[in-house]
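Written out below as C-alpha coordinates is the structure these notes cover.
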Amino acid sequence: MTIESHILIIGAGLIGLCTADALAARGARVTVVDARPGPCEGTSFSNSGMIHPSQARSWVPGVKETAADLDAARVSVELAMRSRALLLEKIEHFGLPQRTSGCLQIQPDIETARQVQSVQRSIGVRTDIIIDPIESFGLPACRFPDDSSGDAQAFGCALADDLLARGVCFIYGAQDLLIRRAEDGFLLRTSDQLMAVDQVIVAAGVGSPDVLAQLSVRLRLNAVSGTAADFALPDDMSRLPSCPIMDAQSRSALTVFADRLRVSGGWGEIEPRAIIDRWTEIAPDLFSRLKPPLSTWTAKRPVSPAGRPYISATSVPGLWVNTGHGHMGWTLCAGSGELLAQMILNGRQDDRFTFAG
(Lines give C-alpha, C1' and ligand atoms only; values in the text may rest on other atoms or scores of the structure.)
Protein backbone atom coordinates (compact mmCIF):
# COMPACT_ATOMS: atom_id res chain seq x y z
CA MET A 1 0.00 0.00 0.00
CA THR A 2 1.04 3.64 -0.38
CA ILE A 3 1.82 5.84 2.59
CA GLU A 4 -0.85 8.28 1.38
CA SER A 5 -3.54 5.79 2.45
CA HIS A 6 -5.71 6.90 5.36
CA ILE A 7 -5.45 4.42 8.25
CA LEU A 8 -8.01 4.36 11.06
CA ILE A 9 -7.12 2.92 14.47
CA ILE A 10 -10.00 1.99 16.76
CA GLY A 11 -8.72 2.29 20.32
CA ALA A 12 -6.68 5.01 22.06
CA GLY A 13 -5.06 2.81 24.68
CA LEU A 14 -1.38 1.97 24.73
CA ILE A 15 -1.66 -0.53 21.87
CA GLY A 16 -3.54 1.86 19.60
CA LEU A 17 -1.31 4.82 20.43
CA CYS A 18 1.91 2.92 19.83
CA THR A 19 0.54 1.62 16.54
CA ALA A 20 -0.30 5.17 15.54
CA ASP A 21 3.21 6.24 16.53
CA ALA A 22 4.88 3.58 14.38
CA LEU A 23 2.65 4.32 11.38
CA ALA A 24 3.04 8.10 11.62
CA ALA A 25 6.82 7.74 11.92
CA ARG A 26 6.73 5.95 8.54
CA GLY A 27 4.71 8.70 6.88
CA ALA A 28 1.18 7.31 7.11
CA ARG A 29 -1.93 9.43 7.55
CA VAL A 30 -3.55 8.20 10.77
CA THR A 31 -6.78 8.83 12.67
CA VAL A 32 -7.41 7.34 16.12
CA VAL A 33 -10.96 6.95 17.40
CA ASP A 34 -12.13 5.97 20.89
CA ALA A 35 -15.45 5.92 22.71
CA ARG A 36 -13.91 7.41 25.84
CA PRO A 37 -13.23 11.13 26.37
CA GLY A 38 -9.43 10.81 26.26
CA PRO A 39 -6.43 8.51 25.81
CA CYS A 40 -5.54 5.59 28.08
CA GLU A 41 -8.81 5.51 29.99
CA GLY A 42 -9.37 1.75 29.72
CA THR A 43 -7.01 -0.95 30.98
CA SER A 44 -4.09 1.45 30.40
CA PHE A 45 -5.40 3.75 33.15
CA SER A 46 -4.29 2.15 36.42
CA ASN A 47 -1.48 -0.11 35.23
CA SER A 48 1.08 -1.74 37.54
CA GLY A 49 3.83 0.05 35.62
CA MET A 50 5.83 -3.11 34.94
CA ILE A 51 7.52 -3.55 31.57
CA HIS A 52 8.08 -7.23 32.14
CA PRO A 53 9.22 -9.62 29.40
CA SER A 54 9.51 -12.08 32.28
CA GLN A 55 5.73 -12.45 32.44
CA ALA A 56 5.16 -13.69 28.90
CA ARG A 57 3.98 -17.04 30.28
CA SER A 58 0.25 -17.55 30.81
CA TRP A 59 -1.27 -16.19 34.02
CA VAL A 60 -4.32 -18.49 33.85
CA PRO A 61 -4.53 -20.11 37.31
CA GLY A 62 -4.51 -23.88 37.69
CA VAL A 63 -3.70 -24.73 34.08
CA LYS A 64 -0.66 -26.91 33.41
CA GLU A 65 1.65 -25.42 30.79
CA THR A 66 2.11 -27.35 27.58
CA ALA A 67 4.96 -27.24 25.07
CA ALA A 68 2.73 -25.05 22.88
CA ASP A 69 2.24 -22.63 25.78
CA LEU A 70 6.00 -22.30 26.23
CA ASP A 71 6.47 -21.79 22.50
CA ALA A 72 3.92 -18.96 22.63
CA ALA A 73 5.78 -17.49 25.60
CA ARG A 74 9.10 -17.58 23.73
CA VAL A 75 7.80 -15.54 20.81
CA SER A 76 6.18 -13.08 23.22
CA VAL A 77 9.50 -12.72 25.08
CA GLU A 78 11.26 -11.89 21.81
CA LEU A 79 8.70 -9.20 21.00
CA ALA A 80 8.75 -7.94 24.60
CA MET A 81 12.52 -7.41 24.56
CA ARG A 82 12.24 -5.29 21.41
CA SER A 83 9.26 -3.43 22.85
CA ARG A 84 11.11 -2.70 26.09
CA ALA A 85 13.98 -1.08 24.18
CA LEU A 86 11.54 1.10 22.22
CA LEU A 87 9.63 2.09 25.37
CA LEU A 88 12.73 3.08 27.32
CA GLU A 89 13.89 5.20 24.40
CA LYS A 90 10.51 6.96 24.27
CA ILE A 91 10.35 7.40 28.06
CA GLU A 92 13.71 9.18 27.91
CA HIS A 93 12.59 11.26 24.91
CA PHE A 94 9.49 12.47 26.78
CA GLY A 95 11.53 13.29 29.89
CA LEU A 96 9.51 10.94 32.07
CA PRO A 97 11.09 9.61 35.29
CA GLN A 98 13.66 6.85 34.84
CA ARG A 99 13.19 3.96 37.25
CA THR A 100 15.42 1.26 38.70
CA SER A 101 15.82 -1.72 36.37
CA GLY A 102 14.32 -5.09 37.17
CA CYS A 103 11.19 -6.60 38.71
CA LEU A 104 10.80 -9.29 41.36
CA GLN A 105 8.27 -12.08 41.78
CA ILE A 106 7.67 -13.60 45.20
CA GLN A 107 7.55 -17.41 45.25
CA PRO A 108 6.15 -19.77 47.91
CA ASP A 109 9.60 -21.24 48.71
CA ILE A 110 13.15 -21.58 47.42
CA GLU A 111 12.45 -24.85 45.59
CA THR A 112 9.60 -23.27 43.63
CA ALA A 113 11.82 -20.28 42.88
CA ARG A 114 14.43 -22.62 41.40
CA GLN A 115 11.82 -24.35 39.26
CA VAL A 116 10.56 -20.99 37.97
CA GLN A 117 14.14 -19.92 37.29
CA SER A 118 14.74 -23.02 35.17
CA VAL A 119 11.59 -22.54 33.05
CA GLN A 120 12.18 -18.82 32.62
CA ARG A 121 15.71 -19.39 31.41
CA SER A 122 14.40 -21.95 28.91
CA ILE A 123 12.23 -19.28 27.24
CA GLY A 124 15.01 -16.68 27.18
CA VAL A 125 14.42 -14.75 30.43
CA ARG A 126 17.41 -14.07 32.68
CA THR A 127 16.42 -14.98 36.24
CA ASP A 128 18.18 -14.74 39.61
CA ILE A 129 16.95 -15.75 43.07
CA ILE A 130 17.10 -13.38 46.03
CA ILE A 131 15.89 -13.10 49.60
CA ASP A 132 16.11 -9.51 50.80
CA PRO A 133 14.47 -7.86 53.85
CA ILE A 134 13.44 -4.77 51.86
CA GLU A 135 13.32 -5.72 48.18
CA SER A 136 11.36 -8.96 48.67
CA PHE A 137 10.09 -8.41 52.23
CA GLY A 138 12.32 -11.25 53.40
CA LEU A 139 10.62 -13.81 51.14
CA PRO A 140 12.19 -15.91 48.36
CA ALA A 141 11.79 -14.24 44.99
CA CYS A 142 12.87 -14.49 41.39
CA ARG A 143 14.56 -11.35 40.12
CA PHE A 144 14.31 -10.48 36.44
CA PRO A 145 17.10 -7.99 35.62
CA ASP A 146 15.86 -7.35 32.08
CA ASP A 147 12.47 -6.09 33.27
CA SER A 148 11.81 -2.37 33.69
CA SER A 149 8.97 -0.13 34.82
CA GLY A 150 7.34 3.23 34.18
CA ASP A 151 4.06 5.07 34.54
CA ALA A 152 1.94 3.66 31.71
CA GLN A 153 -0.79 6.29 31.79
CA ALA A 154 1.69 9.19 31.94
CA PHE A 155 3.50 7.67 28.96
CA GLY A 156 0.27 7.20 27.01
CA CYS A 157 -0.89 10.78 27.59
CA ALA A 158 2.55 12.13 26.60
CA LEU A 159 2.49 10.00 23.46
CA ALA A 160 -1.03 11.16 22.55
CA ASP A 161 0.07 14.81 22.86
CA ASP A 162 3.13 14.08 20.74
CA LEU A 163 1.05 12.35 18.06
CA LEU A 164 -1.40 15.24 17.95
CA ALA A 165 1.50 17.66 17.41
CA ARG A 166 2.73 15.42 14.57
CA GLY A 167 -0.57 15.57 12.72
CA VAL A 168 -2.38 12.45 13.92
CA CYS A 169 -6.12 13.12 14.21
CA PHE A 170 -8.02 12.01 17.33
CA ILE A 171 -11.76 11.51 17.68
CA TYR A 172 -12.82 10.94 21.29
CA GLY A 173 -16.29 10.27 22.67
CA ALA A 174 -17.12 8.26 19.56
CA GLN A 175 -20.27 6.53 20.76
CA ASP A 176 -22.34 4.13 18.66
CA LEU A 177 -19.52 3.39 16.25
CA LEU A 178 -20.61 1.67 13.03
CA ILE A 179 -18.19 0.41 10.41
CA ARG A 180 -18.96 -1.00 6.97
CA ARG A 181 -16.98 -2.12 3.95
CA ALA A 182 -16.98 0.24 1.00
CA GLU A 183 -15.79 -0.14 -2.58
CA ASP A 184 -12.35 1.29 -1.87
CA GLY A 185 -12.03 0.72 1.87
CA PHE A 186 -14.33 1.33 4.82
CA LEU A 187 -16.95 3.77 6.02
CA LEU A 188 -16.98 4.74 9.68
CA ARG A 189 -19.99 6.39 11.31
CA THR A 190 -20.25 7.65 14.89
CA SER A 191 -22.91 9.81 16.55
CA ASP A 192 -21.44 12.91 14.86
CA GLN A 193 -18.84 11.70 12.33
CA LEU A 194 -18.85 10.10 8.89
CA MET A 195 -15.49 9.11 7.47
CA ALA A 196 -14.08 7.08 4.59
CA VAL A 197 -10.75 5.32 5.23
CA ASP A 198 -8.54 2.86 3.36
CA GLN A 199 -7.34 0.61 6.19
CA VAL A 200 -8.70 -0.17 9.67
CA ILE A 201 -6.80 -1.46 12.70
CA VAL A 202 -8.87 -2.77 15.58
CA ALA A 203 -7.03 -2.21 18.88
CA ALA A 204 -10.07 -1.82 21.08
CA GLY A 205 -9.17 -4.26 23.85
CA VAL A 206 -12.13 -6.31 25.06
CA GLY A 207 -14.35 -4.35 22.66
CA SER A 208 -12.47 -5.68 19.64
CA PRO A 209 -14.74 -8.71 18.98
CA ASP A 210 -17.82 -6.47 18.77
CA VAL A 211 -16.13 -4.13 16.30
CA LEU A 212 -14.93 -7.00 14.12
CA ALA A 213 -18.34 -8.67 14.21
CA GLN A 214 -19.72 -5.70 12.27
CA LEU A 215 -17.54 -6.88 9.39
CA SER A 216 -18.45 -10.57 9.87
CA VAL A 217 -15.08 -11.39 11.42
CA ARG A 218 -15.13 -13.56 14.55
CA LEU A 219 -12.45 -13.01 17.18
CA ARG A 220 -12.16 -15.07 20.35
CA LEU A 221 -11.02 -13.09 23.37
CA ASN A 222 -11.46 -13.68 27.08
CA ALA A 223 -12.32 -10.56 29.09
CA VAL A 224 -10.51 -11.07 32.42
CA SER A 225 -10.98 -8.45 35.11
CA GLY A 226 -8.14 -6.97 37.11
CA THR A 227 -8.17 -4.36 39.83
CA ALA A 228 -6.04 -1.76 41.58
CA ALA A 229 -5.84 0.40 44.68
CA ASP A 230 -3.71 3.52 45.10
CA PHE A 231 -2.35 4.59 48.50
CA ALA A 232 -0.60 7.74 49.68
CA LEU A 233 3.09 7.05 50.30
CA PRO A 234 3.99 6.33 53.93
CA ASP A 235 5.81 8.98 55.95
CA ASP A 236 8.85 6.72 56.32
CA MET A 237 10.18 6.08 52.81
CA SER A 238 13.36 4.32 53.94
CA ARG A 239 12.11 0.73 53.70
CA LEU A 240 10.31 0.69 50.36
CA PRO A 241 11.38 -1.65 47.56
CA SER A 242 13.24 0.01 44.70
CA CYS A 243 11.48 -1.91 41.91
CA PRO A 244 8.02 -3.46 41.43
CA ILE A 245 7.29 -6.76 43.17
CA MET A 246 4.87 -9.37 41.86
CA ASP A 247 3.22 -12.09 43.89
CA ALA A 248 3.00 -15.39 42.03
CA GLN A 249 0.10 -16.60 44.17
CA SER A 250 -2.31 -13.70 43.57
CA ARG A 251 -1.06 -12.56 40.12
CA SER A 252 -0.77 -9.07 41.57
CA ALA A 253 1.97 -6.50 42.06
CA LEU A 254 3.09 -3.75 44.38
CA THR A 255 4.65 -0.69 42.73
CA VAL A 256 6.03 2.45 44.34
CA PHE A 257 5.46 5.44 42.06
CA ALA A 258 6.77 8.96 42.66
CA ASP A 259 3.54 10.10 44.29
CA ARG A 260 1.72 6.93 45.35
CA LEU A 261 1.91 3.24 46.13
CA ARG A 262 -0.21 0.91 44.01
CA VAL A 263 -1.27 -2.71 44.36
CA SER A 264 -2.77 -4.02 41.15
CA GLY A 265 -3.52 -7.06 39.05
CA GLY A 266 -5.28 -10.21 40.09
CA TRP A 267 -7.06 -12.65 37.82
CA GLY A 268 -10.82 -12.27 37.69
CA GLU A 269 -10.93 -9.94 40.70
CA ILE A 270 -13.70 -7.35 40.49
CA GLU A 271 -12.58 -5.24 43.47
CA PRO A 272 -9.20 -4.92 45.20
CA ARG A 273 -9.97 -6.24 48.68
CA ALA A 274 -8.43 -9.67 48.04
CA ILE A 275 -5.12 -8.32 46.72
CA ILE A 276 -4.92 -5.69 49.49
CA ASP A 277 -5.36 -8.51 52.03
CA ARG A 278 -2.68 -10.56 50.29
CA TRP A 279 -0.16 -7.70 50.33
CA THR A 280 -1.00 -6.97 53.96
CA GLU A 281 0.00 -10.59 54.65
CA ILE A 282 3.22 -10.23 52.63
CA ALA A 283 4.26 -6.83 54.04
CA PRO A 284 2.40 -6.27 57.33
CA ASP A 285 4.76 -3.56 58.59
CA LEU A 286 4.33 -1.49 55.43
CA PHE A 287 0.55 -1.84 55.25
CA SER A 288 0.14 -0.98 58.92
CA ARG A 289 1.59 2.43 58.01
CA LEU A 290 -0.72 3.08 55.07
CA LYS A 291 -3.96 5.03 55.23
CA PRO A 292 -7.10 3.79 53.43
CA PRO A 293 -6.85 3.77 49.63
CA LEU A 294 -7.03 7.08 47.80
CA SER A 295 -8.83 5.37 44.94
CA THR A 296 -9.72 1.96 43.55
CA TRP A 297 -10.24 0.80 39.99
CA THR A 298 -11.34 -2.27 38.00
CA ALA A 299 -11.20 -3.05 34.27
CA LYS A 300 -11.13 -6.03 31.93
CA ARG A 301 -8.06 -7.20 30.04
CA PRO A 302 -8.30 -8.73 26.53
CA VAL A 303 -6.75 -12.18 26.88
CA SER A 304 -6.07 -14.27 23.76
CA PRO A 305 -6.83 -18.00 24.15
CA ALA A 306 -3.73 -18.61 21.97
CA GLY A 307 -1.45 -17.44 24.78
CA ARG A 308 0.02 -14.66 22.63
CA PRO A 309 -1.48 -11.46 21.18
CA TYR A 310 -3.08 -11.15 17.77
CA ILE A 311 -1.02 -8.82 15.55
CA SER A 312 -2.24 -9.69 12.12
CA ALA A 313 -4.28 -9.17 8.98
CA THR A 314 -7.77 -10.66 8.87
CA SER A 315 -9.75 -12.34 6.11
CA VAL A 316 -11.10 -8.90 5.14
CA PRO A 317 -8.61 -6.98 2.97
CA GLY A 318 -7.41 -3.85 4.70
CA LEU A 319 -8.67 -4.93 8.13
CA TRP A 320 -6.08 -5.63 10.84
CA VAL A 321 -6.07 -6.55 14.52
CA ASN A 322 -3.72 -5.62 17.36
CA THR A 323 -5.24 -6.97 20.55
CA GLY A 324 -5.31 -9.87 23.02
CA HIS A 325 -2.23 -8.80 25.00
CA GLY A 326 -3.75 -9.57 28.40
CA HIS A 327 -1.46 -8.56 31.28
CA MET A 328 1.33 -7.77 28.76
CA GLY A 329 -0.20 -4.68 27.13
CA TRP A 330 2.21 -2.09 28.56
CA THR A 331 5.15 -4.41 27.97
CA LEU A 332 4.29 -5.25 24.35
CA CYS A 333 2.66 -2.04 23.11
CA ALA A 334 5.63 -0.43 21.34
CA GLY A 335 6.86 -3.66 19.78
CA SER A 336 3.35 -4.60 18.67
CA GLY A 337 2.83 -1.21 17.05
CA GLU A 338 6.15 -1.40 15.22
CA LEU A 339 5.48 -4.93 13.99
CA LEU A 340 2.02 -4.11 12.63
CA ALA A 341 3.27 -0.94 10.95
CA GLN A 342 5.94 -2.98 9.19
CA MET A 343 3.30 -5.46 8.04
CA ILE A 344 1.00 -2.78 6.67
CA LEU A 345 3.50 -0.38 5.13
CA ASN A 346 6.49 -2.59 4.33
CA GLY A 347 4.83 -5.91 3.55
CA ARG A 348 6.60 -7.72 6.38
CA GLN A 349 5.51 -11.33 6.79
CA ASP A 350 5.33 -12.62 10.36
CA ASP A 351 3.17 -15.61 11.27
CA ARG A 352 4.01 -15.67 15.01
CA PHE A 353 0.95 -13.65 16.01
CA THR A 354 -1.43 -14.58 13.19
CA PHE A 355 -5.17 -14.26 13.56
CA ALA A 356 -7.05 -16.80 11.45
CA GLY A 357 -10.43 -15.03 11.31
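The values are calculated or read from the model by the stated rules, or taken from the named source; none is laboratory data. None of these values were measured; they are calculated from a predicted model. All Cβ positions, glycine included, derive from the backbone under ideal geometry; neighbour counts span all protein chains shown.
If you take the residues of the range 26-53 that are basic (Lys, Arg) and part of a loop (DSSP other than H, G, I, E, B), which of them is farthest from Gly326 (Cα to Cα)?
The residue in question is Arg26.
Could you identify the single residue in Val32, Val60 that is more than 15 Å from the chain's Cα centre (by Cα) and over 13 Å from Phe170 (Cβ atoms)?
When all the criteria are applied, what remains is Val60.
Of the residues that make up the range 175-182, is at least one crowded, with 19+ Cβ neighbours inside 10 Å and not in a strand (DSSP E or B)?
Looking for residues that are crowded, with 19+ Cβ neighbours inside 10 Å and not in a strand (DSSP E or B), one finds at least one in the range 175-182, hence yes.
Does the range 343-357 hold any residues that are farther than 11 Å from Ser312 by Cα and either assigned to a helix (DSSP H, G or I) or within 15 Å of the chain's Cα centre (by Cα) (or both), and which are they?
Scanning the range 343-357 gives Leu345, Asn346.
Quick one: Trp320 ticks every box in (1) modelled with pLDDT of 95 or more; (2) touching an Asp or Glu at 6+ places or on another chain (Cβ under 9 Å); (3) surrounded by 14 or more Cβ atoms within 10 Å (Cβ to Cβ) except a single one, so which number is it?
For Trp320, the failing item is (2).
What are the residues in the range 309-357 that are closer than 15 Å to Gln55 by Cβ and in contact with a helix residue (DSSP H, G or I) (Cβ under 6 Å, 6 or more places away or on another chain), if any?
Of everything in the range 309-357, those that are closer than 15 Å to Gln55 by Cβ and in contact with a helix residue (DSSP H, G or I) (Cβ under 6 Å, 6 or more places away or on another chain) turn out to be His325, Gly329, Trp330, Thr331, Leu332, Cys333, Gly335.
What residue, of Ala85, Ala68, is in a helix (DSSP H, G or I), at pLDDT below 95 and out of contact with any strand residue (DSSP E or B) (no Cβ under 9 Å at 6 or more places or on another chain)?
Ala68
Yes/no per residue for (1) surrounded by fewer than 16 Cβ atoms within 10 Å (Cβ to Cβ); (2) under 30 Å from Gln55 (Cα atoms):
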position	(1), (2)
Arg126	yes, yes
Asp132	yes, yes
Ser148	no, yes
Cys157	no, yes
Asp162	no, yes
Leu187	yes, no
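When residues of the range 83-115 are filtered for being buried (at least 17 other Cβ atoms within 10 Å of the Cβ) and within 19 Å of the chain's Cα centre (by Cα), how many remain?
12
Six or more apart or on different chains, Cβ under 6 Å: which pairs go from a residue in the range 181-193 that's touching a residue at least 12 places away in the same chain (Cβ under 8 Å) to one that's surrounded by 12 or more Cβ atoms within 10 Å (Cβ to Cβ) and charged (D, E, K, R)? Could you list them?
So the pair list comes out as Gly185/Asp198.
Give Ile130, Ile110, Ile106 a once-over and let me know the one that is in contact with a Pro (Cβ under 6 Å, 6 or more places away or on another chain) and of a type in the set (Val, Ile, Thr).
Only one candidate qualifies: Ile110.
Quick check: is even one residue across the range 292-304 under 30 Å from Met343 (Cβ atoms), aliphatic (A, V, I, L, M) and either in contact (Cβ under 8 Å) with a residue 12 or more places away in the chain or touching a Leu at 6+ places or on another chain (Cβ under 9 Å) (or both)?
Taking every residue of the range 292-304 in turn, at least one turns out to be under 30 Å from Met343 (Cβ atoms), aliphatic (A, V, I, L, M) and either in contact (Cβ under 8 Å) with a residue 12 or more places away in the chain or touching a Leu at 6+ places or on another chain (Cβ under 9 Å) (or both).
Would you tally the residues in the range 199-246 being in contact (Cβ under 8 Å) with a residue 24 or more places away in the chain, part of a helix (DSSP H, G or I) and either small (Gly, Ala, Ser) or surrounded by fewer than 15 Cβ atoms within 10 Å (Cβ to Cβ) (or both)?
Selection size over the range 199-246: 3.
Is it true that Thr66 is surrounded by fewer than 16 Cβ atoms within 10 Å (Cβ to Cβ), under 22 Å from Val224 (Cα atoms) and not small (Gly, Ala, Ser)?
It is true that Thr66 is surrounded by fewer than 16 Cβ atoms within 10 Å (Cβ to Cβ), under 22 Å from Val224 (Cα atoms) and not small (Gly, Ala, Ser).
Residues in the range 259-281 that are touching a Phe, Trp or Tyr at 6+ places or on another chain (Cβ under 6 Å) and either acidic (Asp, Glu) or surrounded by 21 or more Cβ atoms within 10 Å (Cβ to Cβ) (or both): how many?
2
Of the residues in the range 188-234, how many are within 30 Å of Ile276 (Cα to Cα), over 17 Å from the mean Cα position of the chain (by Cα) and small (Gly, Ala, Ser)?
The qualifying residues number 2.
Could you please find all residues in the range 203-227 being hydrophobic (A, V, I, L, M, F, W, C), under 16 Å from Arg36 (Cα atoms) and in contact with a Pro (Cβ under 9 Å, 6 or more places away or on another chain)?
The answer is Ala204, Val206.
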